[in-house]
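Some notes on the structure that comes next.
Read the figures in this text as sums done on the coordinates, not as results from a lab. Note that this is a predicted model, so its numbers are computed, not measured. Note that each Cβ is placed from the backbone with ideal geometry, even for glycine, and that neighbours are counted across all protein chains shown.
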Amino acid sequence: MLYIIGTPIGNLSDLSKRAVDTLSSVDVVFAEDTRTALNLLNSLNIKKPCKSYYKDNEKQASKSLMECLLNDDNVALISEAGMPCISDPGAYIMQEVIKNNIKYEIIQGPTALIHGLIASG
């Protein structure tokens, strides 16, 4: 299964318990920035393989990600900060996952949009 996981925008404490539980249970993490991902995982004492998945390698990395899914691995896709598939990579793999009828779940994360709306009055 593919888990699309929203990550904190600035404060690591904003990560939900559900996201932590999911990151703890997956076999591999694909991340927009592996350095940021490893900082996040290390802060949670989670040790998982972390593979690169960013805009310039999205199509090639999607092949590797699909191989994991087809081998029945549980895979997390995370952005450097925020939600994959919005302004960050992920739309391409979502098209492949849907086309191949692979199960996926979206684990929501913190959003700057709501904060901005509230702060605007």
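Do any of Lys59/Lys99; Lys17/Lys99; Lys17/Lys63; Lys47/Lys99 go past 26 Å between their Cα atoms, and which?
Among Lys59/Lys99; Lys17/Lys99; Lys17/Lys63; Lys47/Lys99, the Cα-Cα distance tops 26 Å for Lys17/Lys99; Lys17/Lys63; Lys47/Lys99.
Could you give the length gained by full extension between Ser16 and Asp72, i.e. 0.36 nm per residue of separation minus their alpha carbon distance, to one decimal place?
Value of the extension gain: 17.7 nm.
Roughly what % antiparallel, to the nearest 5, for the DSSP beta bridges in the chain?
Once the DSSP bridges in the chain are tallied, antiparallel ones form about 5 percent.
Go ahead and collect, in residue order, the members of region 90-114 whose backbone nitrogen is under 11 Å from a label point 7 Å along the Cα-Cβ direction of Met1.
Under cut-off, by backbone N: 103-107.
Return the FRET efficiency for the residue pair Asn42, Ser64: r is the Cβ-Cβ distance, R0 is 25 Å, and the value is rounded to the nearest 0.05.
Once the sixth-power term is evaluated, E becomes 0.65.
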